[in-house]
Amino acid sequence: MTKKVYSANAFNVNKTMVDSNALSIIKELQKHHYQAYIVGGGIRDLILGFHPKDFDIATDATPEQVKKIFYRNAIIIGRRFKIVHVFFNELNQVRSSKYSKKIYDRHIIEVSTFRSSKQNDDKNTHGRLMSDNNYGTIEEDAKRRDFTINAMYYDPLAESIIDYGSGIQDIKDKTLHIIGKPQDRYIEDPVRILRAIRLSDKLNLQIDDNTRIPFQTTKHLLQNEPKGRLFEEMLKILQSGSSNKIINELSELKLSKGVFPLFDSENILDKNSLAKLVLEKTDERIQNQEDFSVPFVLAGILWHKVESSWIHNKNVKSHPNKEALVEAIAARKWILFDSGITQNLYSSIKDIWLLQYDLENPSLKKLDTILSNGRLRQAWHLYNLRNSLVKDPHPLHWWWNKFMDESIDDKTKLLIQLIDLAPQEETIKPKKKKRKKRKKLKEQDHNTSVKDNNI
């Protein structure tokens with residue numbers, strides 16, 4: 001790979017665009033006589049004119065040396081390849097104002113050590129590299145990067161960009177090239193197939209033919225990847241701002257089957273479905289640099305399956321309304337866990353689903369409980385999207401939109417209207433507790449002891 005050095009100013013890039021915490025880490029590492037650069041997506045997105053989501057740092061300092069410098073603000077993670085998370089506490093102005101107290105968010109910067117071109121022989125039966133804790137030079141590290149557009153290094157203090165491949169040229173040509181032999185690189189790490197598709201769709205790049213051709217001969221290896229890694233890739237797809245486009249391409253290549261259970265559904269491709277609408281709204285928010293909720297997106301994607309089970313339980317099994325929904329959620333939770341979703345995240349998704357019942361069946365008695373639920377805002381957005389696909393929404397949909405309007409101070413009239421609009425609450429008879437039958441043996445022992453006492 002040929003080394004080329006460019007002035008960052010030539011691409012309208014300067015250090016003021018870099019996250020202040022990432023900049024402080026680079027200053028500190030260079031102060032201790034180590035090399036330190038913004039690498040990968042951070043510099044790539046700046047050149048392309050995007051706002052980077054993360055600013056990862058590459059250095060010649062080992063994880064232990066980085067940990068020593070940042071001490072309590074750093075933690076070494078990873079088994080396959082060790083990296084360091086350096087964290088900062090940042091004041092959240094919005095939440096602090098809302099709750100009238102200082103609230104801090106934890107901001108993490110990822111710092112990795114240059115990898116060596118020498119690899120371990122620690123591979124699984126499918127050829128995937130299982131251990132890679134060999135450190136090397138910046139030149140060796142560049143060869144180990146996945147794509148040429150990710151093999152660029154930016155020194156914000158020197159205002160220089162080092163390109164060890166054809167990264168700059170490929171950005172100009174809007175082309176995605178993998179580094180090295182494509183087949184070997186995908187066997188080494190099959191997730192690179194998903195990254196290639198995600199990056200090309202997100203950045204509007206054309207995948208080079210040599211980079212694309214081995215997809216079909218190596219895609220089966222994705223099914224051997226840990227659920228956790230695939231879940232991380234799924235989140236990156238949902239956070240890309242191009243999730244609709246990416247999921248469509250995954251479907252065309254038949255890559256989602258057995259890899260992403262949540263995407264493996266015709267409903268998600270139907271332009272008139274709720275899942276499709278949720279993805280469109282999410283892409284729109286991300287493109288506008290607005291916040292979005294992961295539990296909301298996942299709840300929206302899978303709602304059609306939960307709802308169909310809910311209706312079945314009510315009509316066929318004659319279950320009470322809420323009980324039917326609880327059973328429907330329990331029947332579908334395996335899809336979430338099979339996708340690598342954690343118990344905490346599942347609990348949030350479940351709350352959003354259960355609130356659909358509460359939004360459809362409100363009452364003055366339980367209104368305070370509904371309003372105090374931490375997932376109400378996401379549940380309400382899902383409720384709105386559901387009703388936007390219905391020809392004649394229920395009058396309660398109009399009522400909720402009025403009631404949730406923060407500009408309305410006096411909501412007394414709305415509370416009075418709720419009495420007429422609210423459906424009659426279902427009464428679920430509590431199950432009778434079965435009395436435990438005494439064992440005959442105990443009765444016999446008791447009778448025997450009584451007889452003994454009478455003698």
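The values are calculated or read from the model by the stated rules, or taken from the named source; none is laboratory data. Computed from a predicted structure; not experimentally measured. Because the Cβ atoms are built from the backbone with ideal geometry, glycine has one as well, and the counts that use them run over all protein chains shown.
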Counting only residues that are surrounded by 15 or more Cβ atoms within 10 Å (Cβ to Cβ) and farther than 18 Å from ASP338 by Cα, the stretch 254-284 contains a total of 12
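Here's the yes/no breakdown for (1) crowded, with 17+ Cβ neighbours inside 10 Å; (2) more than 26 Å from ILE286 (Cβ to Cβ); (3) within 26 Å of the chain's Cα centre (by Cα); (4) not β-branched (Val, Ile, Thr):
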residue	(1), (2), (3), (4)
TRP303	yes, no, yes, yes
ASP368	no, yes, no, yes
ALA379	yes, no, yes, yes
PRO393	no, yes, no, yes
HIS397	yes, yes, no, yes
MET404	no, no, no, yes
Within the stretch 82-97, does at least one residue satisfy the condition of being in a loop (DSSP other than H, G, I, E, B) and free of Cβ contacts under 8 Å to residues at least 24 places away in the same chain? yes
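This table checks each residue for (1) charged (D, E, K, R); (2) closer than 28 Å to ILE237 by Cα.
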{"site": "ARG285", "(1), (2)": "yes, yes"}
{"site": "PRO295", "(1), (2)": "no, yes"}
{"site": "LYS305", "(1), (2)": "yes, yes"}
{"site": "SER309", "(1), (2)": "no, yes"}
{"site": "LYS322", "(1), (2)": "yes, no"}
Restricting the stretch 150-184 to residues that are within 15 Å of THR218 (Cα to Cα) and crowded, with 21+ Cβ neighbours inside 10 Å, the one nearest to the chain's Cα centre (by Cα) turns out to be ILE178
When every residue in the stretch 4-35 that is outside any loop (DSSP other than H, G, I, E, B) and without any contact (Cβ under 8 Å) to a residue 24 or more places away in the chain is compared, the one surrounded by the fewest Cβ atoms within 10 Å (Cβ to Cβ) is THR16
Among SER240, SER293, the single one that is in contact with an Asp or Glu (Cβ under 9 Å, 6 or more places away or on another chain) and surrounded by 17 or more Cβ atoms within 10 Å (Cβ to Cβ) is SER240
Expected output for the stretch 264-291 (first residue in the same structural domain as MET234 (by TED's automatic domain parsing), partner part of a helix (DSSP H, G or I) and of a type in the set (Lys, Arg), Cβ below 7 Å, 6+ apart or cross-chain) is ILE268/LYS276; ASP270/LYS276; LEU274/ARG386
Open item on the list: Tell me whether the stretch 111-129 contains one or more residues that are surrounded by 14 or more Cβ atoms within 10 Å (Cβ to Cβ), within 26 Å of the chain's Cα centre (by Cα), modelled with pLDDT under 90 and of a type in the set (A, V, I, L, M).
Closed with: yes
Would you confirm, using the coordinates I've provided, whether SER363 is of a type in the set (S, T, N, Q), under 29 Å from GLY258 (Cβ atoms) and surrounded by 14 or more Cβ atoms within 10 Å (Cβ to Cβ)? no
Within the stretch 352-394, residues being among the β-branched types (Val, Ile, Thr) and over 17 Å from LYS322 (Cβ atoms) number 1
Does the stretch 282-299 contain at least one residue that is of a type in the set (Gly, Ala, Ser) and part of a helix (DSSP H, G or I)? yes
Do we find that THR59 is within 26 Å of SER117 (Cβ to Cβ), crowded, with 19+ Cβ neighbours inside 10 Å and among the polar types (S, T, N, Q) in this structure? yes
By residue number, the members of the stretch 272-313 that are among the charged types (D, E, K, R), more than 23 Å from ALA330 (Cα to Cα) and touching a helix residue (DSSP H, G or I) at 6+ places or on another chain (Cβ under 9 Å) are LYS276, GLU280, LYS281, ASP283, GLU290, ASP291
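Yes or no, residue by residue, for (1) of a type in the set (D, E, K, R); (2) closer than 17 Å to ASP338 by Cβ; (3) at pLDDT 90 or above:
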{"site": "ASN210", "(1), (2), (3)": "no, no, yes"}
{"site": "ILE213", "(1), (2), (3)": "no, no, yes"}
{"site": "THR217", "(1), (2), (3)": "no, no, yes"}
{"site": "LEU222", "(1), (2), (3)": "no, yes, yes"}
{"site": "GLU225", "(1), (2), (3)": "yes, yes, yes"}
{"site": "LEU230", "(1), (2), (3)": "no, yes, yes"}
{"site": "GLU233", "(1), (2), (3)": "yes, yes, yes"}
{"site": "ASN244", "(1), (2), (3)": "no, no, yes"}
{"site": "ILE247", "(1), (2), (3)": "no, no, yes"}
